[in-house]
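The values are calculated or read from the model by the stated rules, or taken from the named source; none is laboratory data. Worth saying up front: this structure is predicted, and the values here are computed from it rather than measured. In this analysis, Cβ positions are derived from the backbone assuming ideal geometry, glycine residues included, and neighbour counts consider all displayed protein chains. Heads up: the accessible areas ignore ligands, DNA and RNA and are worked out on the full protein's heavy atoms, side chains in. Shrake-Rupley method; radii C 1.70, N 1.55, O 1.52, S 1.80 Å.
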Amino acid sequence: MSPGDRVRVERADVTNEGVLMPSSTPEQIVVKLDGGYNVGLDRAEAEVEVLESDVYDVESAQSESDASEIAFDDELPTVSLISTGGTIASTVDYRTGAVTAQFDAEDVLRAVPDLAGRANYRGRVVANILSENMTPAVWRDLAEAVAEEIRAGADGVVVMHGTDTMQFSASALSYMLDTPVPIIFTGSQRSADRPSSDNVMNAVCAVEAAKADAAEVLVCMHASTSDDVCALHRGTRVRKNHTSRRDAFETVGAEPLGTVDYDAEEVEFRREYTERDADDLALDPDLDENVDLLKFTPGMDVDRYGAILREADLDGLVVEGTGLGHVHTDLIPVLGDLVDDGVVVAMTSQCLEGRVCDRVYDTGRDLLDAGVVEAGDTLPGTAKVKLMWALENLDRPEAAMERSLAGELQERSVPWT
């Protein structure tokens, strides 16, 4: 048997039929099923029957893909593609059947030929990790890499990132950088070997957004489950709200900043934004990593968490409270002691819509008296990143938590749908 043969593979009580594909290891058999998915099977445990030979010219298809090139055109803008890993830059590891990040930016260009002719590209790899392994140190490296690309003449930057923590990285760069060009984060909910993958459309729409006029840090992902429009979310107001849907990302408390029509290749903005070249490039990448995020829940052992907080020697703490920004009454003295020790304590809400207001109920007033500051409608994760940045870069970080620095805190929380 050889790649391109149609085979039937039996293993235990499972039978698979499909086209035999090349495998990265001799111990594995890779079969592309009729539905488009690839499966990896242990060769020693499988019985293989060749149903038909040479039904698919795998080697020619591979060589055509590998030979694709991105042409350079002096009249096209230059877009820098920066890879940090994640599903958009992933393939399947057939030893485990899991998705693993192992492609660099050039691989993505080969994998998405639709990018050709839209821009001139420069590619670089800052990290090659799954996004759950993201760290503040990588945020700093990423911000510095983006700044270097802009200084080198990039007209826009696309950051390829895993979706699970993309909102945190987008928030970090929103504070670290003043940018004269668009910085667009994009990723993929489903890897390229899946027939329902969103990697091509997200990458193409991100490049179109990087050529557009909004010089902000934005997240570009599917606006719906259809392959028609991507939404552009401000990096400090976006949240991943579904584990696996292609339209998992939403702007909380407002409509997206804009959209990209995939077929028409048109970018449309619906709200005010920072225009291209309105700001000079500035980089302030320092972060105070001694900041934590505490989610309050009923039944929480206040004594235990109080002891943990006191021993943590924090510089900042963001609390994700209930409703208007509340915690158990017994936790308030703990937070007050932290404030007295010089820790900046900011209150956010677990609710997806609305803002913190600790002047309505006694608990809220007691929190204010204890020195806890209100973070308005800032998302808890964004608030943590903001406080990390503010502690290192501003004279009064506690005051900064009550005002907007990068569009994270809206003046009013009103229904928008």
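Restricting Val50, Val9 to residues that are buried (at least 18 other Cβ atoms within 10 Å of the Cβ), at pLDDT 75 or above, over 36 Å from the mean Cα position of the chain (by Cα) and outside any loop (DSSP other than H, G, I, E, B) narrows the list to Val9. If Glu353 meets every condition in (1) of a type outside the set (Phe, Trp, Tyr); (2) open to solvent by 30 Å² or more (accessible area, probe 1.4 Å); (3) over 22 Å from the mean Cα position of the chain (by Cα) apart from one, which number is that one? Answer for Glu353: the failing condition is (3). Can you work out which of the residues in the stretch 242-252 that are of a type outside the set (Phe, Trp, Tyr) and open to solvent by less than 50 Å² (accessible area, probe 1.4 Å) is farthest from the chain's Cα centre (by Cα)? It comes out as Val252. Cβ-Cβ distances below 7 Å connect the following pairs, each with a first residue in the stretch 398-415 that is under 19 Å from Val238 (Cβ atoms), a second residue that is at pLDDT 95 or above and open to solvent by 60 Å² or more (accessible area, probe 1.4 Å), and a separation of six or more residues or different chains: Leu409/Arg403. Would a scan of the stretch 293-302 turn up a residue that is in contact (Cβ under 8 Å) with a residue 60 or more places away in the chain, under 21 Å from Glu132 (Cβ atoms) and touching a Leu at 6+ places or on another chain (Cβ under 9 Å)? Yes - at least one qualifying residue is present in the stretch 293-302. Candidates are the residues of the stretch 262-282 that are open to solvent by 100 Å² or more (accessible area, probe 1.4 Å) and touching a residue at least 60 places away in the same chain (Cβ under 8 Å); the one that is nearest to Ser226 (Cα to Cα) is Glu275.
The sole residue among Gly354, Gly371, Gly381, Gly336 that is closer than 29 Å to Asp301 by Cβ, modelled with pLDDT of 95 or more and outside any helix (DSSP H, G or I) is Gly371. Scanning the stretch 132-162 for residues that are outside any strand (DSSP E or B) and open to solvent by less than 10 Å² (accessible area, probe 1.4 Å) returns Leu142, Ala143, Ala145, Val146, Ala147, Ala154, His161, Gly162. Among the listed residues Leu324, Leu293, Leu317, identify the single one that is in a loop (DSSP other than H, G, I, E, B) and either surrounded by 16 or more Cβ atoms within 10 Å (Cβ to Cβ) or among the polar types (S, T, N, Q) (or both). Among Leu324, Leu293, Leu317, only Leu324 is in a loop (DSSP other than H, G, I, E, B) and either surrounded by 16 or more Cβ atoms within 10 Å (Cβ to Cβ) or among the polar types (S, T, N, Q) (or both). Would you call Thr348 β-branched (Val, Ile, Thr), farther than 30 Å from Ala154 by Cα, touching a residue at least 24 places away in the same chain (Cβ under 8 Å) and open to solvent by 70 Å² or more (accessible area, probe 1.4 Å)? So Thr348 fails the test.
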